[in-house]
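The values are calculated or read from the model by the stated rules, or taken from the named source; none is laboratory data. As the structure is a prediction and not an experimental result, all values here were calculated from the model. Positions of Cβ are backbone-derived with ideal geometry, glycine not excepted, and every protein chain shown enters the neighbour counts. SASA here: full protein model, heavy atoms, side chains in, ligands and nucleic acids out. Shrake-Rupley method; radii C 1.70, N 1.55, O 1.52, S 1.80 Å.
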Amino acid sequence: MKKEVVIKVSMKCQKCHSEAMVNVAKQLGVEVIKLDGDKNQLTVIGEEIDSARLTCSLRKKFGYAQLVSVKPATEKKKEEPVPKKMECQWQPLLCHYHYIEPSPCQYYDEGSVCSIM
């Protein structure tokens, strides 16, 4: 069963935000992490999340972490839009290849002397 855990953590800077996210991501069962920077809250969604262990881990790192709420996660079902039927218009691919005739080769007899030297 998925749970949604909300934890309030004292985070002062962007580096603290990223460290908190990394710390939470290491925990077992975490699937989604949402960060609300204005309220200094982390929302963690996942299966078999140990909220007490998660809070203690954040408390060790940041000094202050308060467990705000633990509740079953609500799954928002997104309505899948019905794909519009598109008509394919097949057009043959016309490729124009230009044939270049090879230049005539000159063959020398084996007994002839090289003209370069």
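Where a ≥ b ≥ c are the square roots of the eigenvalues of the C-alpha gyration tensor, would you call segment 19-71 rounded, which needs a/c under 1.5, or, failing that, prolate if a/b is larger than b/c, or oblate? Could you put the intermediate results ahead of the total?
Details: a/c = 1.35, a/b = 1.19, b/c = 1.14.
In terms of gyration-tensor shape, rounded.
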Exercise. Out of residues 5 or more away from Ile49 or on other chains, whose amide H comes under 5 Å of its own, with H placed 1.01 Å from N in the peptide plane?
Worked result: Lys3
Seminar exercise, completed: To the nearest Å², the heavy-atom accessible area per residue of segment 1-41 with 1.4 Å probe amounts to 65 Å²
Exercise. If you place +1 on the Cβ of every Lys and Arg and -1 on the Cβ of every Asp and Glu, how big does the dipole about the Cα centre of segment 5-51 come out, in debye to the nearest 20?
Worked result: 320 debye
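If DNA, RNA and ligands are ignored and the probe is 1.4 Å, what is the ranking of Lys39, Lys3 by accessible area, most exposed first? If you can, show how the numbers build up before the last one.
On the way: Lys39 125, Lys3 60 Å².
The residues order as Lys39, Lys3, largest area first.
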